[in-house]
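Working notes, structure below.
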Amino acid sequence: MKKLKPICTALVIAFAIMSCSGGDDSPTDTTTTTTTGGSGGTTVTNPTYTANIKSIIDNNCVSCHGPGGENASVPLQTYAQVSAKASLIKQRIELPAANASVMPKGGKLSQTNIDLINAWITNGMPN
Ligand code: HEC
């Protein structure tokens, strides 16, 4: 039985090293703007207004932020209109769903769409 002790010690050390190196595997790149977009699950790097953002706004915002809508006075139908409101849009879509000021009013975008809009703004709002 005496020979078991060093083996046990060696095992304990081996496990300690393994669990330490395992902890180093966490992703370090937190600045990535790569997002999974849409139902197709395609990876979108550098979203643009035309390719990615317009359809999100059209589907979720223009019913109110367009002609005859509840907030037609703040239209969100063109690149110029949306980019001019970008910082306000960012604030509103990130509010908790229960907040009375969240946009779209009365709901919340999917996290995928919120990430896409934020990445678009961070990248300088390419058209
Ligand atoms: C059901 C109607 C409705 C929908 C859908 C909607 N909004 Fe709004 N939105 C409003 C109303 C009404 C206001 C004005 C009241 C307020 O500020 O909360 C407003 C205000 C805003 C404002 C503030 C504008 C300003 O100049 O003060 C922003 C920005 C905004 N909405 C963005 C969005 C975005 C982005 C979406 C889609 C993701 C969206 N809204 C969807 C009704 C809507």
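The values are calculated or read from the model by the stated rules, or taken from the named source; none is laboratory data. Quick caveat: nothing in here was measured; it's all calculated off a predicted structure. Glycine also receives a Cβ, built like all others from the backbone with ideal geometry; neighbour counts cover every protein chain displayed.
Determine whether segment 79-100 contains at least one residue that is modelled with pLDDT of 95 or more, outside any helix (DSSP H, G or I) and in contact with a Cys (Cβ under 7 Å, 6 or more places away or on another chain). No, segment 79-100 has no match at all.
GLN111 meets all of the listed conditions (1) within 11 Å of the ligand (Cβ to nearest atom); (2) within 17 Å of the chain's Cα centre (by Cα); (3) surrounded by fewer than 15 Cβ atoms within 10 Å (Cβ to Cβ); (4) not charged (D, E, K, R) but one, namely (1). The condition of being out of contact with any Cys (no Cβ under 9 Å at 6 or more places or on another chain), outside any helix (DSSP H, G or I) and at pLDDT below 95 does not hold for GLY124.
Only residues that are more than 9 Å from the ligand (Cβ to nearest atom) and farther than 18 Å from ASN127 by Cα were counted across segment 49-96, and they come to 7. Regarding SER39, is this residue modelled with pLDDT of 95 or more and part of a loop (DSSP other than H, G, I, E, B)? In short, no. Among the residues making up segment 108-120, those that are closer than 22 Å to SER63 by Cβ and either touching a Pro at 6+ places or on another chain (Cβ under 7 Å) or touching a residue at least 24 places away in the same chain (Cβ under 8 Å) (or both) are LEU109, THR112, ASN113, LEU116, ILE117, TRP120. Flag set for ILE117, criterion: closer than 26 Å to VAL44 by Cα, near the ligand (Cβ under 10 Å from one of its atoms) and surrounded by 15 or more Cβ atoms within 10 Å (Cβ to Cβ). Could you tell me which residue of segment 97-106 is farthest from the ligand (Cβ to nearest atom), considering only residues that are without any contact (Cβ under 8 Å) to a residue 12 or more places away in the chain and more than 21 Å from TRP120 (Cα to Cα)? Result: ALA98. Only one of the listed residues (PRO67, PRO75, PRO47) is touching a Leu at 6+ places or on another chain (Cβ under 6 Å) and modelled with pLDDT of 50 or more. That residue is PRO47.
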